[in-house]
Amino acid sequence: MKNTHLIRITLMVAMLVSVFGVGTPAQAMDALPAQIIIRSTTFWDAIFSGTVNDTRYERWSLQIDEATDFSVTVTTQTGDLTPAIYLLDASENEIAHVTGSLSQAVLSTNQSAGNYFIQVQPVSGGGTYNMEIRQTEPVLDPNVTVVLNPASVLVGETAAATVFLNNIPEGGYTSAEFTCTYDPALISIGNIAESGLFGSDSVVAINGPAEGSFILAVAGSNGQKAAADGAVFTFSATALQAGEATIICQARVSTGGALTTLESATITLTIAAPDGTLTGTVLASKPVTVTLYNEDTTVAGTTTVDENGNFSLSAPAGSYTVIASAPGFLKAQGTPTLTGGATTTLQSVSLIAGDIDGNDVIDQFDALTIGMNYNLAEPSAADLNNDGTINVLDLEILAANYRQSGALDWQ
Ligand SMILES: [Ca+2]
Ligand SMILES: [Ca+2]
C-alpha cells in the first residue's frame, strides 16, 4: 500500500444537509427530499457500515494525499437495497457514479490529491450495507520492448537485442508473433533465438531475415503458456555503415485462437564510423612533433615521432591539416583525408634545418641568433646539429639551406 492514512478522520458529527444543496446529484431530486447524512472514513482497505433508504442517503468524506487508483464496493447486508455510488468533488459536484445491480455496486476510479465525497444512496429499496474502500494497482497494458546491448557500436561491431513481453495479463499467452523491421543498409540481423518464456520445448517458427524484415512466432507446447513477463527471444544486429538504425518490432499475442496487436516497440542502434589512422615518417636531428588540425583549426591530435621518425595518429574520418615541426627546422605541412577503419600513410619527409626563429624562412636573422649565442647550448633551436654547442657547424647547416622557405609540402 502506498499510504495507510490517505483517508483521514474528519468530523464525526453527523450533519443534516438538504438534498437541494449545491451540486447534489440529480438522482437525489425525488419528490420527497432525502436527508444526507455526513459520515467520515478512516483508512484504505477498511469496511464501513451504513444504512440508506429513500429518505436517508449517506455521504462519506474522503481525503486523498496523492493520485490514487481505488475502488469502492457497497454490498447490501440487510433489506432490499440496490445501491448506487456517487463520487463528488469538494464542491459536491458529481465526478462519477455507478448504479448497482441487485445488492452490490462497485465504483473504480483514479483521482488526484484532494477532498472528495462518496455518497451511497438507493437505486431502489433500502437497508444496511457494508462499504469497502481499497487502493488498486493500476492495470498496465501489455506491451513489447526491445533492449539493445550496447546501444551504440562502430561499423562492423554487433549489438545483442532482447525482445520482452511486459504486463502479461493473468492467464498468460498461448502464443505470440513478432514482426521486426529494420534498415538492411545499416544493419544485418542474425542469431534469432527463442528464450523459453513459453515454457520448455516451445515451438518456434522463424521467417527471414530478408529485405529488412523477419518474423518470429512462438507457441507453448502441450498447454504451456507465457505466464510471467520476460524475454521472448534474442537476435544480433551487426552494424554495416554509420547511421541511426531503427528497429521496430510489432507483436501480436494470443490467449488461445485469437490475436491481439500490441503497441509496437521501437529502438535505435547508433552506429559510428571507426576512426581513421594517419601514419608517416618525419626525419630531423631534433625531436619532431606531429599535430593534426581539424578544418576549424582546432587540434584533433598530436604526437611525437619515434627514434626512427615514425608516427601514428587516429581521428574520425574527415579532412585535416597535419604539421610536423622541430625546433630550428622548417615545418612540413599536408592536408590528408582520413577514412574510417583505414590507414592513410604520408610520404616520408626530411625537415630542413636553419629556421631558428620559426618564421618559415631561413635567412640572416636565423644566423644572427647563432652569433648572439655562440658557444652556448641554448636556445636549442639554434643548435641545429644537436651536438650541445651553438657554433660554426650549425652555421654551416644553415648556410646549406640558406634562403629556403616553408612550410614544406607534405603529401
Ligand atoms: Ca627564420
Ligand atoms: Ca651544434
Candidates THR339, THR179, THR51, ranked by Gaussian network fluctuation over the chain, Cα under 10 Å, top entry:
THR51
Once phi is turned into θ = phi - 60°, what whole-Hz ³J(HN,Hα) does the Karplus curve with 6.51, -1.76 and 1.60 give for every residue of segment 272-279, x standing for Gly and Pro?
10, 6, x, 5, x, 10, 10, 10
Arranged by the count of other C-beta atoms within 10 angstrom, fewest first, what order do GLU94, GLU194, GLU211 take?
GLU211, GLU94, GLU194
Gap separating the Cα centres of segment 119-166 and segment 51-118, nearest whole Å:
25
Using the Cα centre of segment 143-272 as origin and beta-carbon charges of +1 (Lys, Arg) and -1 (Asp, Glu), tell me which of PHE235, GLY220, VAL204 is placed farthest towards the positive end of the dipole.
GLY220
To make sure I understand, if each residue's beta carbon is the centre and we count other beta carbons within 10 Å, what order do MET131, MET372 fall in, fewest to most?
MET372, MET131
Rounded to whole Å and sorted largest first, what semi-axes of the equivalent ellipsoid does the C-alpha gyration tensor of segment 275-411 yield via the square root of 5 times each eigenvalue?
31, 14, 11
How large is the Kirkwood hydrodynamic radius of segment 93-138, counting all unique pairs of alpha carbons, in Å?
12.6
Under a no-solvent Debye model with one identical scatterer per Cα of the chain, what's log10 I(q)/I(0) at q = 0.10 Å⁻¹?
-0.85
Arranged by the count of other C-beta atoms within 10 angstrom, fewest first, what order do LEU259, LEU88, LEU140, LEU81 take?
LEU140, LEU259, LEU88, LEU81
Relative contact order (%) - criterion: Cα under 8 Å, at least six apart; region: the chain
10
For ALA265, net neighbour charge (Lys/Arg +1, Asp/Glu -1) across residues whose Cβ lies under 15 Å away:
-3
For segment 302-411, calculate the relative contact order in percent as a whole number, restricting contacts to Cα pairs under 8 Å that are 6 or more residues apart.
27
Over segment 259-319, what relative contact order in percent results from Cα pairs under 8 Å that are six or more residues apart?
37
Pick from ALA400, ALA382, ALA251 the residue whose mean-square fluctuation is largest in a GNM of the chain, springs joining Cα atoms under 10 Å.
ALA400
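All of the numbers you see were taken from the coordinates with simple rules; none came from a lab. Please read these numbers as outputs of a predicted model, since none were measured by experiment. Glycine also receives a Cβ, built like all others from the backbone with ideal geometry; neighbour counts cover every protein chain displayed.
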